[in-house]
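Right, one structure below, let's go through it.
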Amino acid sequence: MKKLLYSLTALAFIACSSGKQSPIDREALVNRNNPQVTSFDSLSSLSVGNGEFAYTVDATGLQTFPEMYSQGVPLGTQSQWGWHSFANPTALRHEETLKNYDFGRGRMEPYSVEFKEDGRNKDASKWFRANPHRLHLGIVGLELGKNITPAQFTDIRQTLDMWKGVIHSNYKISGIPYEVETAVHPKSDMIAARIHSTGHLGINFRFPYPTGGHSDDACLWNANDKHSTTIISQDAHSAVLKRQLDSTVYFVAIRWEGDALLTEKEKNYFVLTPKNDTLAFTCAFTSETPSAENATAEQTLTASAEYWEAFWKNGGAVDFSLCKDTRAKELERRVVLSQYLLAIQCAGSTPPQETGLTYNSWFGKFHLEMIWWHQAQFALWNRTDLLDRTLSWYEKVEPVAREIARRQGFQGVRWMKMTDPSGEEAPSKVGSFLIWQQPHLIYLAELIYRSNPSPEVIKKYNHLVQETAKFMYSFATYDQLKSRYILKGAIPAQETLRASETVNPPFELSYWHYAMEVAQKWRERAGEKRNLQWDEMIDKLSPLAYNEDKLYLAAETATDTYKDIRFTSDHMAVLGSVGILPMCKLIREDYMKNTLHWIWDNWNWGKTWGWDYPMTAMNAARLGEPEKAVGALLMEKRTNTYLVNGHNYQDERLRVYLPGNGGLLTAVAMMCAGWDGCSVKNPGFPKDGNWNVRWEGLNPMP
């Protein structure tokens, strides 16, 4: 049976593929989309990184003017391990963030929330929401002196060479040429740079104290008394600095070539000054005392080039150069840049924050309902190893998730929403009540299995799949009056709805149906029997509620869906029921198509998020409306804006929003390679002769 299933999947893949074609010139594809910067623009900073660590630079090729970029795309130096907590002198406890709720399940359920009333509960919720927070590890920029400003720079020509993972920066300062190359080592949290100029050369290493802010560059520059930077070793070509911030300690190892001198200019501020016209150096950040000498700048640049060439030559590729539609060039640019950004920002050992490793949002914490948007695309683009690297984190935090489920009276594990590497649940008036992050583990594990259907994958993830499904089963409530299972007591993906009032949100119902079916398949793959109680729940899940116009509602209880602005703003999550997910028996295709058309014409698109556009595109593609699929991806709305550097801009707070980039890649993969059972070539693109999309190495969606 299993062989037959995968034979059918393979046939579906062949049916949906682009047929015989000459190989895509991948180097040409990447290079024609390399970002070009010609001025100081706070929204045009460029980054290099490796998934665990990223370094973002201004037009100088280093972090020379961080204050200028702080309200744009900030000049971050961030890692997956770099976190800090302020002191907790009154011994606030996480239990003090809990508040009981009655959702009609015969018991009180404690949730970690934000308290409004003054007292220890409010103090605790505020402290645990902001701690720990991700660190900015340090500014590494040109030391030019106070009299040099961006106005004195001319002839700026900066290019991010994505094929090699190197930023080339050329410019003149008061007429004197500067050349800078910048890269990050693919296997170390290490910057490398080569600078050549006959003008003044110097590199500064400046270290901020964290702000603890909700959304900022995490740089507090007027708190030098709260942290320290000490040289613990130094010789003619290297030095190691020790950073101490409260109880947090990390190290900075600097290595340079040629004659240069490292001096302390002031507290937490060091300058490396060379004695000739060229300076090459590396700067590594580590959580423990460095045990080996840094690689050289040349070695790092070479390793970067080798890594990125292999990255682009493997995995999927989509070429829009033969398309006649004038929008195709922009779509290709977004697709190529999104692959690069997600590889450097979202492919680490912990799930990524929504602003990646560029700057802090939600205190630098990550949101597990977003992991699907960041990382499902890795499997569809044949880079499943990057998804697997992150998904392994769930094993580490299973005990925390199990305790959340236990205290609320549920079985299995309840995955937290807003969290940090420890898995501790951040208090939230919304996040603690979300449930759509729950099935993500099952969906993503299934993508890994489809890429590598092996006993090893089953052994690694089946336990987590089953424990996740146990919670999902116990969370559903049986409605004896109507002989059905319902979902209640949760805030759905469309966060304008309230937990106390919402029954049967459509996306969650569909996701419960899909994920529980997959969990049963995993039982069979592991040699276990199907759980009959789960089968009964799958069979009796409530169908999606609709109104007299045959439009699906935001929830069964949201009867005024098409009259109340609350229900026509934020995420149009109902569309995710078909698009992110395959069509299921809970849904009528004609009603879903009606709903798509109404949303297209009437939704409050000014109150959407970056991933709403690819979600709409995937829904349209599955419903046989490729014109709308393309139109959704390229809709001219503020939250669907993609900057020069490829970042999905949302608003003044979120100038970076990587779930939009990830959603774009997922949608494009599906629009090219289709989904299980697809029999159409490039099903998400119009057949009007204007979309000759060539692709290779993509996998179909479930």
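Summary of values
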{"item": "Length-normalised contact order for the stretch 237-373 - Cα pairs under 8 Å, 6+ apart - percent", "result": "14 percent"}
{"item": "Coil-residue GluC sites (Glu not before Pro) of the stretch 97-200, DSSP, other Cβ within 10 Å capped at 15", "result": "E117"}
{"item": "GluC sites (Glu not before Pro) restricted to DSSP loop in the stretch 274-347 with at most 13 other C-beta within 10 Å", "result": "E288, E293"}
{"item": "Local electrostatic count, H133, Cβ distance below 13 Å [Lys/Arg +1, Asp/Glu -1]", "result": "-1"}
{"item": "Antiparallel content of DSSP bridges confined to the chain, in %, to 5", "result": "95 percent"}
{"item": "Overall form of the stretch 355-447 per C-alpha gyration tensor (a/c, 1.5; a/b vs b/c)", "result": "oblate"}
{"item": "Computed E for R653/A292 - FRET, C-beta separation, R0 51 angstrom, nearest 0.05", "result": "0.80"}
{"item": "The chain, helix-only ellipticity at 222 nm - DSSP H runs n ≥ 4, -39,500 (n - 2.57), divided by all residues, nearest 500", "result": "-9500 deg cm²/dmol"}
{"item": "Net charge, T350 excluded, C-beta distance under 11 Å - Lys, Arg +1, Asp, Glu -1", "result": "+2"}
{"item": "Whether the stretch 418-551 is rounded, prolate or oblate, judged on the alpha carbon gyration tensor where a/c under 1.5 counts as rounded", "result": "oblate"}
{"item": "Distance in nm between pseudo-label sites at S247 and N314 (7 Å out along the Cβ direction from Cα)", "result": "4.0 nm"}
{"item": "Scattering profile of the stretch 655-702 at q = 0.16, 0.17, 0.19 Å⁻¹ [log10 I(q)/I(0), Debye over alpha-carbon scatterers]", "result": "-0.49, -0.54, -0.64"}
{"item": "Exposure proxy order (Cβ contacts within 10 Å, fewest to most) of I148, I371, I176", "result": "I176, I148, I371"}
{"item": "Spin-label pair E179/N31, simplified geometry with 7 Å Cα→Cβ offset, distance in nm", "result": "1.8 nm"}
{"item": "Pairs beyond 24 Å (Cα-Cα), from K540/K681; K329/K593; K146/K275; K99/K488", "result": "K540/K681; K329/K593"}
{"item": "The stretch 333-400 - convex hull of the alpha-carbon atoms, volume per residue in Å³", "result": "88 Å³"}
{"item": "Rounded if a/c under 1.5, otherwise prolate or oblate - the stretch 555-702, Cα gyration tensor axes", "result": "oblate"}
{"item": "Förster-model FRET efficiency, 60 Å R0, K172 and N692, C-beta, rounded to 0.05", "result": "0.90"}
{"item": "J(HN,Hα) series, the stretch 211-218, from Karplus relation 6.51 cos²θ - 1.76 cosθ + 1.60, nearest Hz, glycine and proline x", "result": "7, x, x, 5, 8, 6, 7, 6"}
{"item": "Selection from V518, T390, A629, by position along the positive dipole direction of the chain (Cβ)", "result": "V518"}
{"item": "Computed FRET value (nearest 0.05) for K563 with E536, which takes r as the C-beta separation and R₀ as 30 Å", "result": "0.25"}
{"item": "Overall dimensions of the stretch 517-569 by Cα: Rg and Dmax, Å", "result": "17.3, 50"}
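Values quoted throughout were computed directly from the atomic coordinates according to the rules given, and no laboratory measurement underlies them. The shown structure was predicted, so the numbers you read here are calculated from the model rather than taken from an experiment. In this analysis, Cβ positions are derived from the backbone assuming ideal geometry, glycine residues included, and neighbour counts consider all displayed protein chains.
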